[in-house]
Amino acid sequence: MSGALETIAPFGTSDEVFLAYGHRQIEMGDFEGALETAGRTKSGYQLFYDIGDALRTRGEQGRARKLAAHMKDRKFAALFLECARFTLWPHPEKVRVIRATPCDEAYLDATRGKFAEADEVIRKNGCSNVSFVAVHQYEADPSGAERLLRDKSDSYDLAFGLSQLAAVAARKGNIIEALRLLNDLQTVNLGEKYKGLAGDWGLDATHQIARAWTIKSGPRAVLQWARSRPTTEQRTWALIGMAEALGHATARRHCL
């Protein structure tokens, strides 16, 4: 992504890069990532129709509301649901009502900080997408969030959740926990179809760890860690995180 954006920058058409990347995320089943990508473009709503179509193909139309609940921009979330409804069902001219399930209520409880209630509903109803609740819960209850994620997630959701928890831990300055979670992410068995996702999902965590660790302890140890990352993409994002941290430190010294 970073290389593609750098290449296209002189032509001023970055939206095409984001849309192409978003389509690839949809193909890989990373709908949360595709929605984040859509938010970085002026025409990202085009991806909403493709997400709806992909959910319909998988028979997972009920995930649309869960995905929308995870979006921070509520107007953008409403636009997503409005666009996606045209491709979520085989006959888009017939408007169907998506009724809230107990699991939908659990996801809403998580956004309101009602984690005990959300956890109880998840355990009773076998809800999927446990990572959504775990990531919200991690800020207030890290051990409870990780326990819920490990106990109730399938391997796909576990890998995504670990990547998100690692990024949150890094932003909170807990480098040891972030490194442990990132390492655990690399060991999750996603099978042949999704085996590359763990590395892709680890990019944000790698970036956040390198940035927070450099700010906290300086670049020497972080540079050695960055060079040891298993893929070119992870090494690149680790170095970007270091560069941001060093720029942050320089700016802070100037301000002082």
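The values are calculated or read from the model by the stated rules, or taken from the named source; none is laboratory data. Since we're looking at a predicted model, the values are computed, not measured. Virtual Cβ from ideal backbone geometry, glycine too; neighbours counted across all protein chains shown. Keep in mind that these areas ignore ligands, DNA and RNA; they rest on the heavy atoms of the full protein, side chains included. Shrake-Rupley method; radii C 1.70, N 1.55, O 1.52, S 1.80 Å.
Observations
- Search result, residues across the stretch 197-239 that are polar (S, T, N, Q) and under 17 Å from the mean Cα position of the chain (by Cα): T206, Q208, Q234
- When the residues of the stretch 149-179 are filtered to those that are out of contact with any Lys or Arg (no Cβ under 9 Å at 6 or more places or on another chain) and of a type in the set (D, E, K, R), the one that is farthest from T206 (Cα to Cα) is D154.
- Scan of the stretch 64-80 for residues that are closer than 18 Å to G113 by Cβ and more than 16 Å from the chain's Cα centre (by Cα), ordered by number: R74
- If you filter the stretch 46-55 down to residues that are open to solvent by 40 Å² or more (accessible area, probe 1.4 Å) and of a type outside the set (D, E, K, R), you find that the one that is modelled with the highest pLDDT is Y49.
- Looking across the stretch 173-188, just one residue is of a type in the set (D, E, K, R) and in contact (Cβ under 8 Å) with a residue 24 or more places away in the chain, and that is E177.
- For the stretch 1-45, residues that are modelled with pLDDT of 80 or more and either touching a Phe, Trp or Tyr at 6+ places or on another chain (Cβ under 9 Å) or open to solvent by 70 Å² or more (accessible area, probe 1.4 Å) (or both) total 16.
- Residue within the stretch 93-107 that is on the phi < 0 side of the Ramachandran plot, modelled with pLDDT of 85 or more, surrounded by fewer than 16 Cβ atoms within 10 Å (Cβ to Cβ) and in a helix (DSSP H, G or I) present: no
- Qualifying residue in the stretch 56-74 (condition: surrounded by 13 or more Cβ atoms within 10 Å (Cβ to Cβ), assigned to a helix (DSSP H, G or I) and at pLDDT below 85): no
- Condition broken by Q234, with the remaining ones in (1) of a type outside the set (V, I, T); (2) more than 22 Å from Q25 (Cβ to Cβ); (3) touching a helix residue (DSSP H, G or I) at 6+ places or on another chain (Cβ under 6 Å) satisfied: (2)
- Failed item, numbered, when I122 is tested on (1) over 27 Å from I175 (Cα atoms); (2) modelled with pLDDT of 85 or more; (3) open to solvent by 60 Å² or more (accessible area, probe 1.4 Å): (3)
- Applying a threshold of 9 Å to beta carbon distances and a minimum spacing of six or more residues, or different chains, the list of pairs starting in the stretch 51-76 at a residue that is polar (S, T, N, Q) and ending at one that is open to solvent by 20 Å² or more (accessible area, probe 1.4 Å) reads Q61/W89; Q61/R96; Q61/I98.
- One residue alone among R235, R229 is open to solvent by less than 70 Å² (accessible area, probe 1.4 Å), more than 30 Å from K114 (Cα to Cα) and at pLDDT below 95, and that residue is R229.
- Condition check for P90 on (1) open to solvent by 80 Å² or more (accessible area, probe 1.4 Å); (2) at pLDDT below 80; (3) part of a helix (DSSP H, G or I); (4) of a type outside the set (D, E, K, R): one failure, at (3).
- All helices (runs of 4 or more DSSP H) inside the stretch 131-214 with 2 or more residues being open to solvent by less than 30 Å² (accessible area, probe 1.4 Å) and not hydrophobic (A, V, I, L, M, F, W, C): 142-152, 155-171
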